[in-house]
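Shown next, in structure tokens, is the structure this report addresses.
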Amino acid sequence: MAITLSGDHAIPSPPLSSRLTPPQVWGIVLLAPYLLVFLAFVVYPVCYGLWLARAPSNYVALYNDPIFARAAVNTLIFLVIGINIKMLIALFLSGFFAQQRTWIKWLSVIFILPWAVPSIPTILSVRFMLNPEWGLINHLIFSFTGDDGPNWLNDPTVALTMAIGVHIWKSLPFWTLILITGRLAIPHDLFEAAEVDGASWWQKFRFITWPSMQTLYITCTLLSMIWTLGDFNSVYLLTGGGPADLTHVLSTLGIRYLRLDQLSLAMASIVCAMPFVLPLVYFMMKRLSR
């Protein structure tokens with residue numbers, strides 16, 4: 001027990017429990033389980049992964065592996081093409097679904113289903129549809145043309161394109177909903193005044209909608225990039241990284257090394273994604289702090 005000096009006498013300080021108010025005590029009690037879970041399932045795994053990937057030889061091996069270089073390029077393609085197409089479509093669809101019409105409200109319920117349904121059944125269903133032998137798409141091609149359809153996932157370019165398309169289809173409803181909230185927050189008086197002045201649709205969007213939603217749109221784009229870097233399902237469930245490991249991205253490359261019993265390389269490949277993640281986190285937090 002700590003003591004304090006007062007003149008010639010040592011006065012014991014009160015215990016910590018007596019110096020805390022009941023709300024503070026309850027706050028510590030309720031916060032302790034969260035801290036334990038955070039330390040056990042976030043801090044410890046991250047630190048352990050960094051410790052496994054600490055050897056410089058791991059990164060030399062990654063540099064000499066052509067699959068890693070291909071995965072890094074695929075990741076950049078996935079981010080640059082997939083994110084921008086997805087957010088642009090979400091921006092314009094948000095204007096469509098923001099209309100106050102009954103049939104549009106019912107259509108929005110159907111539109112949100114790909115995001116609401118779990119990833120495993122939805123992406124695997126797309127994979128079955130693309131099967132070259134008994135898939136639905138090739139069956140329709142044969143029914144209408146009499147020709148056999150292509151092996152969709154046997155070409156790396158087509159397979160990666162399909163993975164990007166699945167990612168857009170799966171996550172598009174979520175970002176559309178976020179942007180709808182941004183559109184609904186714009187005062188309707190601005191559009192009425194612009195309409196009185198004879199403004200066109202494009203002028204309303206350019207001078208009213210976009211300036212009002214620009215911050216939200218950029219923030220959503222940065223956050224979507226961060227989440228997409230960790231998107232494991234779109235690629236692995238659809239292509240498995242194939243053919244010949246040519247459609248891997250950094251989030252799925254670790255599984256390839258785990259199958260080869262190379263745990264340190266798996267962790268090192270994940271660490272290599274940090275140069276992509278950290279700048280995105282920095283710019284997003286910088287924008288949010290304004």
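The values are calculated or read from the model by the stated rules, or taken from the named source; none is laboratory data. Remember, predicted model here, so these are calculated numbers, not experimental data. Note: ideal-geometry Cβ built from the backbone for every residue, glycine included; neighbour counts use all protein chains shown. Only protein heavy atoms, including side chains, enter the accessible area calculation; ligands, DNA and RNA are left aside. Shrake-Rupley method; radii C 1.70, N 1.55, O 1.52, S 1.80 Å.
For region 38-289, what does the relative contact order come out to in percent, with C-alpha contacts under 8 Å and a separation of six or more? Walk me through the numbers on the way to the answer.
Numbers: 245 pairs, mean separation 79.7, N = 252.
Once divided by the residue count of region 38-289, the mean separation gives 32 percent.
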> For region 38-289, which whole-number percentage of the solvent-accessible area (1.4 Å probe, protein heavy atoms only) is attributable to carbon and sulfur atoms?
Replying inline: 70
>> Can you order the peptides 87-97, 130-140 by their average number of other Cβ atoms within 10 Å per residue, highest first?
In response: 87-97, 130-140
> Farthest toward the dipole's positive end in the chain, which of Phe207, His139, Pro66, given Cβ charges of +1 (Lys, Arg) and -1 (Asp, Glu) about the Cα centre?
Replying inline: Phe207
> Rounded, prolate or oblate: which fits region 199-290 when a ≥ b ≥ c are the square roots of the eigenvalues of the alpha-carbon gyration tensor, with rounded for a/c under 1.5 and prolate only if a/b beats b/c?
Replying inline: oblate
> So what's the net charge close to Leu113: Lys and Arg +1, Asp and Glu -1, counting the other residues with Cβ under 15 Å from its Cβ?
Replying inline: +2
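Arranged from highest to lowest average of other beta-carbon atoms within 10 Å per residue, in what order do the peptides 218-229, 168-179 appear?
Details: 218-229: 18.5, 168-179: 20.2.
For the peptides 218-229, 168-179, the packing ranking is 168-179, 218-229.
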>> Can you work out the Karplus-derived ³J(HN,Hα) for every residue in region 36-43? Use 6.51 cos²θ - 1.76 cosθ + 1.60 with θ = phi - 60°, whole Hz, and x for glycine or proline.
In response: 5, 5, 5, 5, 6, 10, 10, 5
> Which of the trypsin sites (Lys or Arg not before Pro) across region 92-148 are loop residues per DSSP, with 10 or fewer other Cβ within 10 Å?
Replying inline: Arg101
> Put +1 on the Cβ of every Lys and Arg and -1 on every Asp and Glu Cβ in region 38-289; which of Thr252, Trp103, Val281 then has its Cα farthest towards the positive end of the dipole?
Replying inline: Val281
>> Treating only the Cβ of Lys, Arg, Asp and Glu as charged (+1, +1, -1, -1), what charge dipole size does region 38-289 show about its Cα centre? Round to the nearest 20 debye.
In response: 560
> Computed on alpha carbon atoms, what radius of gyration and Dmax characterise the chain, expressed in Å?
Replying inline: 26.4, 105
> Expressed as a whole number of Å, what is the distance separating the alpha-carbon centroids of region 219-290 and region 15-94?
Replying inline: 11
> So how strong a dipole does region 52-175 carry about its Cα centre when Lys and Arg Cβ are +1 and Asp and Glu Cβ are -1, to the nearest 20 debye?
Replying inline: 620
>> Per-residue counts of other Cβ atoms within 10 Å, averaged by peptide: what ranking do you get for 264-273, 202-211, highest first?
In response: 264-273, 202-211
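Kindly report the accessible area of the chain per residue (heavy atoms of protein chains, probe 1.4 Å, no ligands, DNA or RNA), in Å². Let's see the in-between values first.
Numbers: 17880 Å² over 290 residues.
Normalised by residue count, the accessible surface of the chain is 62 Å².
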